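Below is one structure, written out as structure tokens; the observations come after it.
The values are calculated or read from the model by the stated rules, or taken from the named source; none is laboratory data. Treat the numbers as computed from the prediction; the structure is a model and nothing was measured. Reconstructed Cβ throughout: ideal geometry from the backbone, glycine too, with neighbour counts over all protein chains shown. To get the accessible areas, we keep the full protein, side chains included, count just its heavy atoms, and leave off ligands, DNA and RNA. Shrake-Rupley method; radii C 1.70, N 1.55, O 1.52, S 1.80 Å.
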2 protein chains.
Amino acid sequence: MSDGQGTDGEPVDPRLHEERLARLIRLAARAFNRSLTLRLSTEGVTFGQWIFLRILWREDGLSQRELSDRAHLTEPTTHTALSRLEQMGLITRRNVEGNRRRQHAFLTDEGWRLRDVLEPLAIEANDLAVEGLDAEEQAVLRHALTVMIHNLERDEAEAAARGQRVPPTRVQNAV
Amino acid sequence: MSDGQGTDGEPVDPRLHEERLARLIRLAARAFNRSLTLRLSTEGVTFGQWIFLRILWREDGLSQRELSDRAHLTEPTTHTALSRLEQMGLITRRNVEGNRRRQHAFLTDEGWRLRDVLEPLAIEANDLAVEGLDAEEQAVLRHALTVMIHNLERDEAEAAARGQRVPPTRVQNAV
DNA sequence: CAAGGATTATGAGACATCTAATTTATTGAC
DNA sequence: GTCAATAAATTAGATGTCTCATAATCCTTG
């Protein structure tokens, strides 16, 4: 079924082909996420927790709002995720500079310690993924992905300017 | 923060960098999904419904099990998705060849009709995404993604052989 | 051909995410 | 200085996905 032919043998638009870009990218993202999820699970950390920890390792003390922006998740989602991280003893939340509205998240010693354990796992997944790709190919890959993200986000911004909203995109693991 | 430096100015492993592959791929997949979700929503179709319709347009009459495999979703998920599609009048379910266990899904006329409306939207999103990339770059992109998917799925298969299971990978929209 | 094991679908319950509504705090305008 | 508008966090409720359990059917083999 990867011969670019429909069931009756007529040629198919390659952009609808099984190997179309959208599908390849979705599969690659899924495979990457699963690879990392599997490795993190050996340390009792979920993929969602990794996302927030990783942001905080770079910028400790962000507000919940800022974390939501960085993670591309809504505030309620961030709220519950942070509550869990706090309960696990990996972060604490508190106000700063007399602002009693914003809640800032700070890593605990244990949260910092996890970094040394988890980051090597991410590096391992990355190295594994690019096995067999030379530096040139990797550079083109990065460039192409960056261009695509830019194109698509510009389009979404234009749609937003016209008042069009994107509904929730589920089916995270789909083809 | 995209200068390859940590907060204290020390160099950072590029594989942990903001522009690391896993993040770019996740963002690209997300942008693609959102782009398509937005377009489909104008026709009252969700992303999840698109996934199953697209499979059926290629292979009408698959069983629920086969659809689950194709879509990389579990059977209960497929079950509820198909129930919704049936309720919308886009598919029907029935047994074939005297096998009363398997439920096969068949597109209705309306389900087939939608193809002419929706596929152009997918082509539009694809064309938009690759704007500014020449054929050579697109070929390298495809190749690189295919290699990565292969590498990562091989790794997962090896882990599975050791009895390691991948927990649910949530945070579909994450960084 | 009967019994046990495998396969397929379905049901029940858990969980992460979303949108919408509510609460609380801050900022800005008069 | 007070009040309205804005911003941030939280709560409530809906939904799609998952895992695990159960039911129904099919297949194999003694």
Practice item. Taking the residues in the range A:145-163 that are open to solvent by 60 Å² or more (accessible area, probe 1.4 Å) and at the interface with another protein chain (Cβ under 7 Å from one of its Cβ atoms) as candidates, determine which candidate is modelled with the lowest pLDDT. Key: A:E153
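Per-residue answers, yes or no, for (1) of a type in the set (K, R); (2) assigned to a helix (DSSP H, G or I):
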| site | (1), (2) |
| --- | --- |
| A:R94 | yes, no |
| A:E131 | no, no |
| A:L145 | no, yes |
| A:I149 | no, yes |
| A:A159 | no, yes |
| A:G163 | no, no |
**Study point:** Every residue from the range A:30-54 that is in a loop (DSSP other than H, G, I, E, B) and facing another protein chain (nearest Cβ under 9 Å)
**Key:** A:T42, A:T46
Point to revise | Odd one out for B:T169 among (1) open to solvent by 20 Å² or more (accessible area, probe 1.4 Å); (2) not in a helix (DSSP H, G or I) | key: (1)
Exercise for review: Filter the range A:113-127 for residues that are over 18 Å from the mean Cα position of the chain (by Cα) and surrounded by 14 or more Cβ atoms within 10 Å (Cβ to Cβ) and give the result.
Suggested key: A:L114
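Would you please name the residue that is nearest to the other protein chains (Cβ to nearest Cβ), looking only at residues in the range A:70-92 that are away from DNA strand C (no atom under 12 Å from the Cβ) and part of a helix (DSSP H, G or I)?
Pass one, the range A:70-92, residues away from DNA strand C (no atom under 12 Å from the Cβ): A:70, A:86, A:89-92.
After this cut, where a residue has to be part of a helix (DSSP H, G or I) as well, the list is A:70, A:86.
Values: A:R70: 6, A:E86: 18 Å.
Of everything passing the filter in the range A:70-92, A:R70 is nearest to the other protein chains (Cβ to nearest Cβ).
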Point to revise | Failed condition for A:V140, given (1) within 20 Å of the chain's Cα centre (by Cα); (2) part of a helix (DSSP H, G or I); (3) aliphatic (A, V, I, L, M) | key: (1)
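Going through A:R142, A:R113 one at a time, which residue ends up being charged (D, E, K, R), out of contact with any helix residue (DSSP H, G or I) (no Cβ under 6 Å at 6 or more places or on another chain) and more than 7 Å from chain B (Cβ to nearest Cβ)?
Details: A:R142 fails: more than 7 Å from chain B (Cβ to nearest Cβ).
So the residue among A:R142, A:R113 that is charged (D, E, K, R), out of contact with any helix residue (DSSP H, G or I) (no Cβ under 6 Å at 6 or more places or on another chain) and more than 7 Å from chain B (Cβ to nearest Cβ) is A:R113.
From the set of residues in the range B:84-95 that are surrounded by 12 or more Cβ atoms within 10 Å (Cβ to Cβ) and more than 15 Å from B:G48 (Cα to Cα), which is farthest from the chain's Cα centre (by Cα)? Before you say what the answer is, go through the steps one by one.
First pass over the range B:84-95, keeping only residues surrounded by 12 or more Cβ atoms within 10 Å (Cβ to Cβ): B:84-86, B:88, B:90-93, B:95.
From what's left, more than 15 Å from B:G48 (Cα to Cα): B:92-93, B:95.
On the way: B:T92: 23, B:R93: 23, B:N95: 27 Å.
Per the stated criteria, the residue is B:N95.
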Check your understanding: When both residues are 6+ apart or on different chains and their Cβ atoms are under 9 Å apart, which pairs have a first residue that lies in the range A:119-134 and is within 7 Å of another protein chain (Cβ to nearest Cβ), and a second that is among the basic types (K, R) and part of a loop (DSSP other than H, G, I, E, B)?
Key -> A:A122/B:R20; A:N126/B:R20
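Of everything in the range A:39-54, what is within 14 Å of DNA strand C (Cβ to nearest atom), out of contact with any strand residue (DSSP E or B) (no Cβ under 9 Å at 6 or more places or on another chain) and closer than 21 Å to B:L24 by Cβ? Give them in sequence order. Don't jump to the end; show me each part of the working.
Just the residues of the range A:39-54 that are within 14 Å of DNA strand C (Cβ to nearest atom), to begin with: A:40-41, A:44-54.
Then keep just the ones that are out of contact with any strand residue (DSSP E or B) (no Cβ under 9 Å at 6 or more places or on another chain); that gives A:40-41, A:44-51, A:54.
Matches in the range A:39-54: A:L40, A:F47, A:G48, A:W50, A:I51, A:R54.
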**Study point:** Residue ID - nearest to the chain's Cα centre (by Cα), chosen from residues in the range B:55-69 that are more than 13 Å from DNA strand C (Cβ to nearest atom) and part of a loop (DSSP other than H, G, I, E, B)
**Key:** B:E59
Practice item. Would you be able to tell me the number of residues in the range A:96-112 that are open to solvent by 30 Å² or more (accessible area, probe 1.4 Å) and either under 24 Å from B:R23 (Cβ atoms) or within 18 Å of the chain's Cα centre (by Cα) (or both)? Key: 2
